[in-house]
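Everything on this sheet refers to the single structure shown next.
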Amino acid sequence: MLRLFLASALLLPECAAAAPGPSAERILALPGRLLELPWWPISRALDFAQSHALFERLEDLFYFNEGRTAGWFPNMSSTGSGEGAGILVFHDDLFGKGHQGDAAFTMSGAKQVFASLRLAGPSGAQRRTGVAVDYARDDDAEFYARAGPRLGWDTGLSDRRSHAATRLRARLWRERRLGSLRAGLFGAADSVATGAGVAGLEPPPGVMGFSRRLELGGGGLRLDWDAVPGKERAVRGTRLAAEFEAQAAGDGEHGYARHFVDGRVFVPLPAPRRVLTLRGYWERLHGLGSRRAPFFAYPVLDSDNRLRGFSRLRFRAPGAAALSAEYRYPVWIHWDAFYFIDAGQSYASESELRLTRWSAGHGPGLRFLSEEQLLLTAHVGFNAEGSRFELAMGKVF
Amino acid sequence: MLLGLLLLAAAPAAGELDIADPAPRSDDDLFWSDGAYLMSVYQIEKGLNPAYWLKRLGAWPPTEAGNLDALGEPPDSSWFVGRHGRRRLSAAELARGPGMEPPAFPWIVEKGKSTGENPGFVARDALGRRLFVKFDPLGRPGLSSNGEVIVSRLLHAAGYNVPAVDHVWVDSAAVSLSSKAVTRDRYLRKRPMTPADLEAVFAAAARSPDGRFSAAASLALPGKPKGPFGYLGRRRDDPNDVVHHEDRRELRALQIFSAWVNNTDTRGGNTHDAYIEEDGRRFLRHYLLDFSASFGSGNAEPKPYYEGHEYAFDPAIVAASWLTLGLWVKPWEKTPAHEYPELGPFPSGHFDPERWKPAFANPAFQRLTPADGFWAARLAAAFTDADLDALLSLGHFPTPGSREHLLRALIERRDIIARRWLCSREVSSLDEPRLDSGRLVLADLGKRGGCAGGTRYRWERTGAPGLVTTRPELDLPPDFSGAVRVRIRRDGERRWGRALKVSIELFDGRPAVAGMSR
């Protein structure tokens, strides 16, 4: 080791520079200088990377043109129940007219495949038309149910069952912008086939829509209010989305109406760049007349950061409500840390709604938002059922 | 006058040996590894050295600079030549700086600028001189050129070697492209420079209402370029380079000057060694480069709030911000109420010269001792309000009130520096010992810094009783012979300050100051 160290002292300019008058301080510094050994190859690699513009080359790999209007980003998520990876291809200037489009594909092992395609008019246009198509295939989707069946708040982790589903959804929409408000109408179609999953117990009998192939069609209206200034860090403002949708199947048995509200308020705190994000979410499915809502249309609480730290598809029922508070604060140039508290409940009827039945979670996290709107988030959620680390990366739209 | 200017321009390098041509060193500014090393590995190494912790606990004396003479001064060298601190320069001398005739048009562009954020190029002017031209960013004339011009003059007057820089208005019609002009593409590959490249430079540059472009033009340095010198270690191929750079007084003291003008881009890559021949000797002269990130300038845009307060990667601050859940609000997070387009944010509030940080950790700055700080503050205090105003006359300030704001901020920051280092409890405020008609006379710099006290001085001599005077002057005995050591303390706010030790010896039968330490 001594020979290696002496050799490094001859090779490394920093070490070699410690020549004249080996004072006591410099002698005491020698053990620390052992770090120069592993550092040397790293520094050479950094020099090579900088002098060959490897960062620029790497960055340009994500774009298809010099104007950076088209490109791709990796889509990645790790949720404990599985790691998903894929790509998102985007174009913000289709046909040279500012039309937007993106296509995403994500795969998690051999069991889950997700794909989507979205096309829309220019983002700043007064009137826009768009289309969105989603495809999902999952051979082992979580399903928490008790006999009855009960699908909501009173299921436990031990109630996990499995189902398989293949789903193709399409939505055609048209919206109009009125200042910060966008109002739109849409038509939707949904084709779903469900069956037994590849692992574990299958859902109990009586679950609406299970083991069937259903084709549903319908439409609705949507309102989006976005009054958050700036792009890089949301530090004040309000975002609100509300939607009403009705869908029915040709079998005369399945059909539902869906109400959805999701609001976020960014409350600036007295200290700069600190923000408290408050979020409220409510979604409810009702059967249309004598028709009943199929289980796969039920809202879930673990998606879209509503109730973090729980297993995938952990809570799924005709009704869902969640509240979140997230305190964000800056730690470095593009990095914010946050601490969140989420609480929510899935329920079959409003009579089940009780604060004491709400599931809650909390945890710390980090988020990185680049100037190119590439978002990387990592958080750990703690709750009564355990803890879960989640990592996600993708482009913010 | 002319001789004086020539002497100022061509700084003598006293005592430099004639050396062989050192090995070429890449001029590439490889700041990734440099920055990563200095902000991570070097910091860990420092923490692993018990001497570092003992120093912090006060159980180990600070390591004083290694390039001082018997009077505690760095002698004139190829690094630094005492100028304004030694002999007051006139306003004209301050404004002239290293000396440069204004650039003459037309220009022929020979090379593109492939590093840095500002648009620019390398051109040859009508007098055949090579110029490095850096334009101000679009919409902010003066933002980067003010730093280049004013700070380079200020550092030159202090004693550092810098290139000659002037602010120029460039008429694009007077600029043409050489047929051999080259530039580098995004991947740093060399390619011919095209008219479109030149147009792109002008398109990104600040423009005056009459259509000309605002830029700083820097004269190419003389001699053979030998790469940057860096702030750590020595150059092994330079026999004159016998003191570790982090232990050079003038490089440590540069922390104070950089803090004063908020020049955050003081990294190794912005230094330059030139192999020159002068008076029959060949040696390396060491230059500081690139002052465009001074005041509130972040080069192509105003400085972000954290520059000057945090390193580009500052694990301690990141960890503190994270672990305190954002409850620790860094004072510098609060954006100044007003900023001028040509200055960016440059307040005097929250200015702590000791805690000020450049963008990259700098080993020389981190080894600054109170004695180094005193030396730098003394030099800074030598710049009067009028001196600073004369330097500011070289800048470009289109927004009403911006020049006055900059002058006020520079004066306030200078005074903060003087108070911090000239009134320090860690070093004596007395300085500049001289013998005048049989009296030892000292300068009380504490008065310049506005420090409390300065009404009494306590003298202790070998073989003589102690004495208290009201002026920093002491009569030597008429029969003075041999040598004497005198310890002088100045009264402070509550107690006597640190002692200044002065040795007086006979030289050629006459007493003279032979040494000083603080």
The simple spin-label model distance between A:Thr356 and B:Thr470, using points 7 Å out along Cα→Cβ, in nm, is 8.7 nm
With Cα coordinates, the longest principal axis of chain A makes an angle with the long axis of helix A:36-51, in degrees rounded to 10, of 70 degrees
Placing +1 on each Lys and Arg Cβ and -1 on each Asp and Glu Cβ in segment B:430-517, then taking the dipole about the Cα centre, the residue among B:Leu445, B:Ala464, B:Gly492 whose Cα reaches farthest towards the positive end is B:Gly492
Placing one equal point scatterer on each C-alpha of segment B:224-285 and summing with Debye, one gets log10 I(q)/I(0) at q = 0.13, 0.26 Å⁻¹ equal to -0.40, -1.16
With the 1.4 Å probe rolled over protein heavy atoms, chain B has an accessible area per residue in Å² of 43 Å²
Judged on accessible area alone, 1.4 Å probe, highest first, B:Phe105, B:Phe295 line up as B:Phe105, B:Phe295
Length-normalised contact order of segment B:219-293, Cα under 8 Å, at least 6 apart, in percent, tallies to 37 percent
Taking a crude spin-label model, label points 7 Å out from Cα along the C-beta direction, the A:Phe244 to A:Trp335 distance in nm is 4.7 nm
In this structure, among B:Lys134/B:Lys334; B:Lys134/B:Lys303; B:Lys55/B:Lys330; B:Lys113/B:Lys180, pairs with alpha-carbon gaps over 23 Å are B:Lys134/B:Lys334; B:Lys55/B:Lys330
The Cα radius of gyration of segment A:130-218, divided by 2.2 N^0.38 Å with N its residue count, comes to 1.42
With segment A:71-395 reduced to its Cα atoms and the Debye formula applied, log10 I(q)/I(0) at q = 0.06, 0.14 1/Å amounts to -0.21, -1.33
Taking alpha-carbon centroids only, segment A:312-342 lies from segment A:199-267 a number of Å equal to 19 Å
Measure of exposure for A:His362: accessible area at 1.4 Å probe, Å² rounded to 10, is 80 Å²
By accessible area (1.4 Å), largest first, A:Tyr298, A:Tyr329 order as A:Tyr298, A:Tyr329
The rounded separation in angstrom of the Cα centers of segment B:166-233 and segment B:412-446 is 44 Å
Projected onto the charge dipole of chain B (unit charges on the beta-carbon of Lys, Arg, Asp and Glu, signs +1, +1, -1, -1), the Cα from B:Gly515, B:Pro302, B:Val109 with the largest positive-side position is that of B:Gly515
Rounded to one decimal in nm, the spacing of the 7 Å Cα→Cβ label points at A:Phe64 and A:Ala110 is 3.2 nm
With only helices counted (DSSP H, runs n ≥ 4, each -39500 (n - 2.57)), the per-residue ellipticity at 222 nm for chain B, to the nearest 500, works out to -6500 deg cm²/dmol
From highest to lowest solvent-accessible area (probe 1.4 Å; ligands, DNA and RNA excluded), A:Thr166, B:Thr470 read B:Thr470, A:Thr166
Computed from every Cα-Cα pair in chain B, P(r) in 20 Å bins starting at 0 and rounded to whole percents is 21, 54, 23, 3, 0
For A:Lys97, the aspartates and glutamates lying under 20 Å Cα to Cα, once residues fewer than eight places off in the same chain are dropped, come out as A:Glu66, A:Glu175
Taking Cα pairs closer than 8 Å and at least 6 residues apart, the relative contact order of segment A:128-225 in percent is 30 percent
For A:Val380 the rounded accessible area (nearest 10 Å², probe 1.4 Å, non-protein molecules ignored) is 40 Å²
For B:Lys447, counting only lysines whose alpha-carbon sits under 22 Å away and dropping same-chain residues fewer than eight positions off, the answer is B:Lys501
Fraction of alpha-carbon pairs in segment B:264-315 farther than 15 Å apart, rounded to whole percent, equals 60 percent
In square angstrom to the nearest 100, the accessible surface buried at the A/B interface, both sides summed with a 1.4 Å probe, amounts to 3900 Å²
For chain A, the longest principal axis of the Cα atoms and the Cα long axis of helix A:2-11 enclose an angle in degrees, to the nearest 10, of 90 degrees
Compactness summary of segment A:265-397: radius of gyration and Dmax from Cα atoms, Å, are 16.6, 56
Contact-by-burial set, segment B:236-266, min loss 50 Å², accessible area of protein heavy atoms with 1.4 Å probe, reference chain alone, gives B:Arg236, B:His244
The convex hull of the Cα atoms of segment B:72-186, divided by residue count, gives a volume in Å³ per residue of 145 Å³
The alpha-carbon center of segment B:28-66 and that of segment B:290-325 are separated, in whole Å, by 20 Å
Helix-only [θ] at 222 nm, chain A, -39500 (n - 2.57) per DSSP H run of 4+, per residue, nearest 500, equals -3000 deg cm²/dmol
With every protein chain kept in place and a 1.4 Å probe, chain A has an accessible area per residue in Å² of 48 Å²
Contact order relative to length for chain B, counting C-alpha pairs under 8 Å separated by 6 or more residues, stands in percent at 15 percent
Its Cα gyration tensor gives the protein assembly as shown an equivalent ellipsoid whose semi-axes in whole Å, largest first, are 66, 33, 26
Given Cβ charges of +1 for Lys and Arg and -1 for Asp and Glu, the option among A:Ala248, A:Gly218, A:Val267 whose Cα lies farthest towards the positive end of the dipole of segment A:71-395 is A:Val267
Carbon/sulfur accessible area of segment A:179-219, % of total, 1.4 Å probe, equals 59 percent
Quick note, segment B:430-517: a/c under 1.5 would make it rounded; otherwise a/b > b/c is prolate and the rest oblate (a ≥ b ≥ c, C-alpha gyration tensor); here it is prolate
Counting only protein heavy atoms with a 1.4 Å probe and every protein chain in place, the carbon and sulfur fraction of the accessible surface of segment A:292-397 in whole percent equals 62 percent
For segment B:491-500, in residue order, the Karplus 3J(HN,Hα) values (coefficients 6.51, -1.76, 1.60; θ = phi - 60°; whole Hz; Gly and Pro = x) are 6, x, 5, 10, 9, 5, x, 5, 7, 9
In order over segment B:15-24: 3J(HN,Hα) from phi, Karplus 6.51/-1.76/1.60, θ = phi - 60°, whole Hz, x for each Gly or Pro, gives x, 6, 7, 6, 10, 6, 4, x, 4, x
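The values are calculated or read from the model by the stated rules, or taken from the named source; none is laboratory data. Remember, it's a predicted structure, so these values are computed and weren't measured experimentally. With ideal geometry, Cβ positions are generated from the backbone for all residues, glycine too; neighbour counts draw on all protein chains shown. What goes into the accessible areas is simple: the full protein's heavy atoms, side chains included, and nothing from ligands, DNA or RNA. Shrake-Rupley method; radii C 1.70, N 1.55, O 1.52, S 1.80 Å.
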